[in-house]
Every structure is written in structure tokens, then in C-alpha cells.
Amino acid sequence: MLFLHGQPGSARDWNAVVSAIGPRAETIAFDRPGWDGRTPAGGLAVSARAAAAVLHSHDVERATVVGLSFGGGVAARMALDFPERVAALVLVSPAANTASLALVDRLLAAPVAGYAASAALLAGAGWMLGSGWVRRRLQEAFSFPDDYLRGAAGRLRTRAVWDSFFIEQRALLRDLPDLEARLHEITAPTTIVIGTADTILPAAAGRTLARQIPRARLVEIEGGHHVLPAEHPERLADEILLAAAVARREVCAR
């Protein structure tokens, strides 16, 4: 199982889900380009190629590919560009169609002003996470470990994170129309998991996506928000394992 984080984000965003899966499956989570401190950020295709390369480096031919938010768009692109690598898709709060774009996405992608707004937004979040009171509230609500939140507080105040976020934000507006036009070509068994209380990507976008991808299964978590891996790790683990099992049964039935 290959896990793709969103933006901003890191492989650690999946720790609770990976822990819930435990020894029941081999798991790989990695930092996508722009977030690994080594390679530059890019659009969906750039991260899809990097994900395929990670599988190759681990001698894994096929995997259940799980993507959160921007990572959901990457996972869908990977299913189109590298179908032989994708046994199943699990798209969590996914940004994978134009319905997932809001006015704020267009504002944050605007030249000059969008970068300034993105940097201010991320830096502000970083300073807020510097507060012990804010971290405790997030731990209570989403079970984020304190050391993870402290690390995020520092990263969100860096120019490298601002640059990567802005590059990917602009890529969303450029890449999603092309991805949407090809969603009907996806052949991998697909599960879409959304939270009904998500204020970042509306549930309606996930429902639309379920109609756009052939035979997609839609799972709605009542009251769930955007960061489902932290909020509902056990439920997500169960859905991912189920998606992998269904894909195996389909292969055996052929």
C-alpha cells in the first residue's frame, strides 16, 4: 500500500493509519516532490512519476494507492499514467476534479498576490501551532502527536514550504481539467472516502467524482472533516484493506 500526502503535508500524516493497518499489509509512505527537501515541487504528473519510482525502488510491482487531498489527484493521475502499477485506488478527501476547486483555490494561485496570501496563510498557521494551547486542542480533536505539530509549526514558516504550496496550488488549476476529462479511463477498482463536514473539499465534489470514475465506491463518514487520516484512522484502515481485498478477488476471478 502506497500513501500519498496532501499539501502542505508529509509522509507522517499517514502514521495513525499505517499503525492501524499494522502487520496486515506492507505499507510505504513517502514525502512527495517539493516536500522532501531535495526535489522541486510540480504538478500531478511530477508526483505520479515520483510515486511510481518509489514502488520501483522497493521492488513492488503493484500497490493499492491511497491519496489524501492533492495526493488524491496524484493517485488518480498515477492510475492513468501507470495503470500496471495500481491494483486499487483509495481517494481520501480528494482534489481530483474541478468541483473540488473553490474560489479560495483560485485566489491562492493568483500570480504575486496568491503567493503572498499563501505564505501569510501558512506562516500564520505555523505561528498558531507554536502555541501549546492550540496544539492541545488539535490533539484532543484529531489525535495529532505533539512532536508532529511542533515540527509542522517550524516547517510552515519556511520559504521552501511556501514555494512548494504555491507551485502545487497553481498546478491544481492547470491539471484538474485535464485529469477530469480522463477520469472515465480509470480501470483500477476505486474507493472514494469523504467526510460530510469537510469545509475544504465539499462532499458534493466527492459524490461527483464517484460518478465520474467507473464503478467507484463512495464511502461517506458522517461528521468527518478534511484530515480523515488523523480523525478516523481505524475506519480508513478498514476501508483501505477492504479495497485491497476486493482488488485481489477481481484479479483471481479473471
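Close amide-amide hydrogen proximity is noted between ALA88 and ALA63, THR64, VAL65, each under 5 Å apart and 5 or more residues distant or on a separate chain (H modeled in the peptide plane; Pro and chain starts excluded). By the Cα gyration tensor, segment 13-70 has an equivalent ellipsoid whose semi-axes, rounded to whole angstrom, run 21, 14, 10 from largest to smallest. Placing unit charges on the Cβ atoms of the charged side chains and taking the dipole of the chain about its Cα centre, the candidate lying farthest along the positive direction among LEU236, ALA204, PRO111 is PRO111.
Looking at segment 1-120, I'd like the Rg to Rh ratio, where Rg is from alpha-carbon atoms and Rh is Kirkwood's inverse mean 1/r. Mind showing how you got there, number by number?
Working: Rg = 14.7 Å, Rh = 14.9 Å.
A ratio of 0.99.
Could you calculate the FRET efficiency of GLU220 with ALA141 from 1/(1 + (r/R0)^6), where r is the beta carbon distance between them and R0 is 25 Å, rounded to 0.05?
Working: r = 20 Å, r/R0 = 0.79.
Result of the calculation: an efficiency of 0.80.
Note on THR158/ARG24: beta-carbon distance plugged into 1/(1 + (r/R0)^6) with R0 of 51 Å gives a FRET efficiency of 0.90. By the beta-carbon count within 10 Å of each Cβ, the least crowded to most crowded order of ARG106, ARG62, ARG38, fewest first, is ARG38, ARG106, ARG62. Compared with the dominant Cα axis of the chain, that is its longest principal axis, helix 113-129 is turned about 80°.
Segment 78-178: Rg/Rh from Cα coordinates, Kirkwood Rh? Mind showing how you got there, number by number?
Working: Rg = 16.4 Å, Rh = 15.7 Å.
With Rg and the Kirkwood Rh in hand, the quotient comes to 1.05.
Add +1 for every Lys or Arg and -1 for every Asp or Glu among the other residues with Cβ under 10 Å from the Cβ of VAL193, and state the total. Provide the component values of the computation, followed by the final result.
Working: positive: ARG217, ARG235; negative: GLU220, GLU239.
Net local charge, VAL193 excluded: 0.
Counting only alpha carbon atoms, the long axis of helix 159-182 and the longest principal axis of the chain meet at about 40°. In the chain, helices alone account for a calculated mean residue ellipticity at 222 nm of -17000 deg cm²/dmol, with every DSSP H run of four or more residues adding -39,500 (n - 2.57).
How big is the dipole moment of the chain about its Cα centre under a simple scheme where the beta carbon of each Lys and Arg is +1, that of each Asp and Glu is -1, and everything else is neutral? Debye, nearest 20, please.
Values: 27 positive and 26 negative charges, 42 e Å.
The calculation lands at about 200 debye.
Ranked by the mean number of other Cβ atoms within 10 Å of their residues, highest first, the peptides 152-158, 4-10, 214-220 fall in the order 4-10, 152-158, 214-220. Summing charges over all other residues whose Cβ lies under 11 Å from the Cβ of ALA210, with Lys and Arg as +1 and Asp and Glu as -1, gives +3.
Phi-derived couplings, Karplus 6.51 cos²θ - 1.76 cosθ + 1.60 at θ = phi - 60°, listed residue by residue for segment 211-228: 7, 7, 9, x, 6, 5, 9, 9, 10, 10, 9, 4, x, x, 9, 6, 8, 4 Hz, with x used for Gly and Pro.
Rounded to the nearest 10 degrees, the angle from helix 146-155 to the longest Cα principal axis of the chain is 70 degrees.
Taking only the C-alpha atoms of segment 118-231, Rg followed by Dmax gives 17.0, 47 Å. Normalised by 2.2 N^0.38 Å, where N is the number of residues, the C-alpha radius of gyration of the chain stands at 0.95.
A short reminder: the numbers here are calculations on the coordinates, not readings from a lab. Everything numeric in this text was worked out from a predicted model, so none of it was measured. Counting neighbours? That spans all protein chains shown, and the Cβs are built from the backbone with ideal geometry, glycine included.
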